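Here's the structure, in structure tokens; my notes come after.
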Amino acid sequence: EPGRRIAVTSAGPGEGRTLMTLALANHAAATGCRVLAVECDLQQPVFARALSISEKTGLLDVLTGGVSVRDAVVHTGNPKLDVLMAGGASPKVADQLAHKELAQLLSVFRSYDVVLIDIPLPSHQGRTFAGMDSVLICMKSDVELTRRAASAVSTVKALGANSIAIAATMAEPASGTLRQARPIRAEATAR
């Protein structure tokens, strides 16, 4: 349905949150959806580098009152995909963001089919995820996944989330489960 707001978060750094956000954004845009990817990591922003876009203004400027949220949006080479980058790094402003409801901040973006929000799990109590349609928690797949997942889900619920999913990232295949690729006969591909 139009206007879906999906927060993509992780319990810690290096869990694949940004890669997942950008992959989902590109996939949704490829299916014809108008997509906005929002970078809310104001401590270690990477969208500009990952997308090869020169960083100009962004969410940091919006939160400090320097620019409107609509004016901070950057159009990518894909006509269906726009981004709102962090616009710099600031731990002080990152704390400010943790106390805001993202849904309220991003409510002006009703023209997008999907708004994907890349945000680290806030350390402060608040209602950060209230009003989000879904929250996707990215977690490295390891032997501690079940224990860590229960804790992360509890934390995300306390921050106002209702619909929660977990994406197990960076899963290593079980030993001996990879099959060798078989060559495909030319006549099979000609059909």
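The values are calculated or read from the model by the stated rules, or taken from the named source; none is laboratory data. On a predicted model such as this, the values are computed, not experimentally measured, just so you know. Cβ: placed from backbone, ideal geometry, glycine included. Neighbour counts: every protein chain shown. Ligands, DNA and RNA are stripped out before the accessible areas are found, and what is left, the full protein with its side chains, is counted by its heavy atoms. Shrake-Rupley method; radii C 1.70, N 1.55, O 1.52, S 1.80 Å.
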Looking at 159, 116, which one is crowded, with 19+ Cβ neighbours inside 10 Å, within 26 Å of residue 92 (Cβ to Cβ) and out of contact with any strand residue (DSSP E or B) (no Cβ under 7 Å at 6 or more places or on another chain)?
159
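May I ask you to verify whether residue 168 is open to solvent by 20 Å² or more (accessible area, probe 1.4 Å), of a type in the set (A, V, I, L, M, F, W, C) and over 17 Å from the mean Cα position of the chain (by Cα)?
no
One line per residue, one yes/no per condition, for (1) among the aromatic types (Phe, Trp, Tyr); (2) closer than 20 Å to residue 13 by Cβ; (3) touching a strand residue (DSSP E or B) at 6+ places or on another chain (Cβ under 9 Å):
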| residue | (1), (2), (3) |
| --- | --- |
| 31 | no, no, no |
| 41 | no, yes, yes |
| 44 | no, yes, no |
| 48 | no, yes, yes |
| 53 | no, no, yes |
| 64 | no, no, no |
| 72 | no, no, yes |
| 77 | no, no, no |
Restricting attention to segment 16-32, and to residues there that are part of a loop (DSSP other than H, G, I, E, B) and open to solvent by less than 40 Å² (accessible area, probe 1.4 Å), which single residue is farthest from residue 111 (Cα to Cα)?
16
Where residues in segment 69-109 are more than 18 Å from the chain's Cα centre (by Cα) and surrounded by fewer than 12 Cβ atoms within 10 Å (Cβ to Cβ), which of them is modelled with the highest pLDDT?
79
Number of the condition not met by residue 46 [criteria: (1) open to solvent by less than 60 Å² (accessible area, probe 1.4 Å); (2) more than 15 Å from residue 119 (Cβ to Cβ); (3) modelled with pLDDT of 90 or more]:
(2)
